[in-house]
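Below is one structure, written out as structure tokens; comments come after it.
The values are calculated or read from the model by the stated rules, or taken from the named source; none is laboratory data. This one's a predicted model, so the numbers in the text were calculated from it and none came from an experiment. Cβ placement follows ideal geometry from the backbone for every residue including glycine, while neighbour counts extend to all protein chains displayed. In case anyone asks, the SASA skips ligands and DNA or RNA and just uses the protein heavy atoms, side chains included. Shrake-Rupley method; radii C 1.70, N 1.55, O 1.52, S 1.80 Å.
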Amino acid sequence: MKTNFFLFSKMEDGNMSLKWGEKKEVEKNVRNFLTKFKIIVRKRAHIKPEHGNRILYVNENNINAIMSKGIKHDGLITTCNNITLTLASADCYPVALTNKKGNFVSLLHVGREGAKIKIVAKAIDIVTRRFLVNSGEILLTIGPGIKKCCYGTDIVKLIKQQARSRGIPYRNISAADVCTCCGKDEKDGKYLFFSHCRSRSVKEQETEGRFITVVSL
């Protein structure tokens, strides 16, 4: 992808969601993660999921209003290279879209409900119409999420189907090969990512948390 970065924190980086932690600690975790990769964030638009398909276009003129109003949404699109898009998730999938020229970037929160109401197809329709982008040049990357091995619905399959239905070639679609629920580090055997499903397991009795996805042009 011609984004400067498309990064995910791991469980070892700490909880990145205010819903599951104290503000001071969450802000420290986010700051430390960004510093680790030498990322300077000028303006940040953070997705506020509602498991729907609302997608907002964000730019320098409306970013403050969008963030302050607390509008619930599951997708963001921007053409501004000084705006960083972020998402705190556990088992739902972060999905990033851009094109080969890097004219735009989009970040989506895709869970079972979002996949069913075709948020990915909607995002592709928006960028092809608004930016006159050829769908054959769109690059789509699927980040870590819960896979079929631990969940009844194959969300990755639904995402790929929507991308293909809008003309994105197979070669332009990539997916992280890890399950947030059961994926472990090969060296120390520790879980790699936070998982809502795993934390609810009687066997695990694990504290809830979220990892962060960071995307920017």
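Of the conditions (1) touching a Lys or Arg at 6+ places or on another chain (Cβ under 7 Å); (2) open to solvent by 20 Å² or more (accessible area, probe 1.4 Å); (3) in a strand (DSSP E or B), Asn53 satisfies every one except a single condition; which number is it?
(3)
Just need a number here: residues in the range 88-103 that are in contact with a helix residue (DSSP H, G or I) (Cβ under 6 Å, 6 or more places away or on another chain) and surrounded by fewer than 21 Cβ atoms within 10 Å (Cβ to Cβ).
So the answer is 1.
Applying the selection to the range 72-87, what residues are without any contact (Cβ under 8 Å) to a residue 40 or more places away in the chain and touching a strand residue (DSSP E or B) at 6+ places or on another chain (Cβ under 7 Å)? Let's see the steps before the verdict.
Residues of the range 72-87 that are without any contact (Cβ under 8 Å) to a residue 40 or more places away in the chain, as a first pass: 72-73, 76.
Within the range 72-87, His73, Leu76 meet the criteria.
How about the range 67-87: which of its residues are open to solvent by 20 Å² or more (accessible area, probe 1.4 Å) and either closer than 21 Å to Pro144 by Cβ or part of a helix (DSSP H, G or I) (or both)?
Met67, Ser68, Lys69
Can you spot a residue in the range 9-28 that is β-branched (Val, Ile, Thr) and in contact with a strand residue (DSSP E or B) (Cβ under 8 Å, 6 or more places away or on another chain)?
Step one: of the range 9-28, the residues β-branched (Val, Ile, Thr) are 26.
From the residues that got through so far, the ones that are in contact with a strand residue (DSSP E or B) (Cβ under 8 Å, 6 or more places away or on another chain) too are none.
No: zero hits.
Show the residue pairs meeting these rules: Cβ distance below 9 Å; 6+ apart or different chains; first residue within the range 12-25 and assigned to a helix (DSSP H, G or I); second residue of a type in the set (D, E, K, R).
Taking only residues 6 or more apart or on different chains, the pairs are Glu12/Asp185; Glu12/Lys190; Asp13/Lys36; Leu18/Glu27; Lys19/Glu208; Lys19/Arg210; Trp20/Glu208; Trp20/Arg210.
Say whether the condition of being surrounded by 15 or more Cβ atoms within 10 Å (Cβ to Cβ), aliphatic (A, V, I, L, M), touching a residue at least 60 places away in the same chain (Cβ under 8 Å) and within 30 Å of Ser135 (Cα to Cα) is met by at least one residue in the range 157-167.
Checked the range 157-167: at least one residue is surrounded by 15 or more Cβ atoms within 10 Å (Cβ to Cβ), aliphatic (A, V, I, L, M), touching a residue at least 60 places away in the same chain (Cβ under 8 Å) and within 30 Å of Ser135 (Cα to Cα).
Within the range 29-44, is there a residue that is polar (S, T, N, Q), touching a strand residue (DSSP E or B) at 6+ places or on another chain (Cβ under 9 Å) and closer than 24 Å to Ser174 by Cβ?
Let us first name the residues in the range 29-44 that are polar (S, T, N, Q), namely 29, 32, 35.
Next, only the ones that are touching a strand residue (DSSP E or B) at 6+ places or on another chain (Cβ under 9 Å) stay: 29.
Subsequent filtering for residues that are closer than 24 Å to Ser174 by Cβ retains none.
No, the range 29-44 contains no residue that is polar (S, T, N, Q), touching a strand residue (DSSP E or B) at 6+ places or on another chain (Cβ under 9 Å) and closer than 24 Å to Ser174 by Cβ.
Tally time: how many residues in the range 101-118 are aliphatic (A, V, I, L, M) and either over 13 Å from the mean Cα position of the chain (by Cα) or modelled with pLDDT under 95 (or both)? Reasoning before the result, please.
Step one: of the range 101-118, the residues aliphatic (A, V, I, L, M) are 105, 107-108, 110, 115, 117.
With either over 13 Å from the mean Cα position of the chain (by Cα) or modelled with pLDDT under 95 (or both) added as a condition, the list becomes 115, 117.
Residues flagged as aliphatic (A, V, I, L, M) and either over 13 Å from the mean Cα position of the chain (by Cα) or modelled with pLDDT under 95 (or both) within the range 101-118 amount to 2.
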